[in-house]
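Reviewing the structure listed below.
Rule-based calculations on the coordinates, nothing more; no lab input. Worth saying up front: this structure is predicted, and the values here are computed from it rather than measured. Positions of Cβ are backbone-derived with ideal geometry, glycine not excepted, and every protein chain shown enters the neighbour counts.
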Amino acid sequence: MFTDLTTFLEYLDRVHERTRRVVTCIPADVLEWAPAPGRWTAGDQVRHLAAIERWMYAETISGRPSTYAGHGRELADGLPAVLANYDHLHAEARAIFADLSPAAWGARVMTPAGTPITTWKWLRAMVEHEIHHRGQLYFTLGLRGVSTPPIYGLTETELRALSV
């Protein structure tokens, strides 16, 4: 899928931009609301995305063990802190990804589960993971009646209206 790091980074930037658009829609009073007992809040989801990208994916592709510590409010509490944490950890992780050599891009790394995987495939899994949680954010915000942007510019209703 990704033949080189540059193509991957461009794709990651676009995916992350779409996710961030949803994150910025979270109202302060919805940030820590959970749809049911034991379910994640929007804040949990955003903290998780930031932490897992930086402290698991970026660490493992660097040959270090995962230091992921969860998604709790102790990591970032309140909407401004959650967004700042999200942006900061993504910037750190992206810088680590951008420093990969061509040899490292095609080399194998060890996942926290002990499974060897090619670096680019591991980072592809990271993007899939982000997209999964973005979908959860859309769902969580939808349950609260929060308006969210369409992923690719058109809502389903707009697409139907433009279709022949």
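The table below gives the values:
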quantity	calculated
Test: residue in the stretch 70-77 that is more than 28 Å from Lys121 (Cα to Cα), without any contact (Cβ under 8 Å) to a residue 12 or more places away in the chain and aliphatic (A, V, I, L, M)	no
Restricting the stretch 111-128 to residues that are hydrophobic (A, V, I, L, M, F, W, C) and exposed (fewer than 14 other Cβ atoms within 10 Å of the Cβ), the residue that is nearest to Leu5 (Cα to Cα)	Ala125
Number of the exception - Glu74 against (1) assigned to a loop (DSSP other than H, G, I, E, B); (2) surrounded by 13 or more Cβ atoms within 10 Å (Cβ to Cβ); (3) not aliphatic (A, V, I, L, M)	(2)
Candidate set from the stretch 1-36 (those that are without any contact (Cβ under 8 Å) to a residue 24 or more places away in the chain and under 21 Å from Gly145 (Cβ atoms)); member that is surrounded by the most Cβ atoms within 10 Å (Cβ to Cβ)	Ala34
Which numbered condition Ala51 misses (of (1) part of a loop (DSSP other than H, G, I, E, B); (2) among the hydrophobic types (A, V, I, L, M, F, W, C); (3) closer than 20 Å to Thr24 by Cα)	(1)
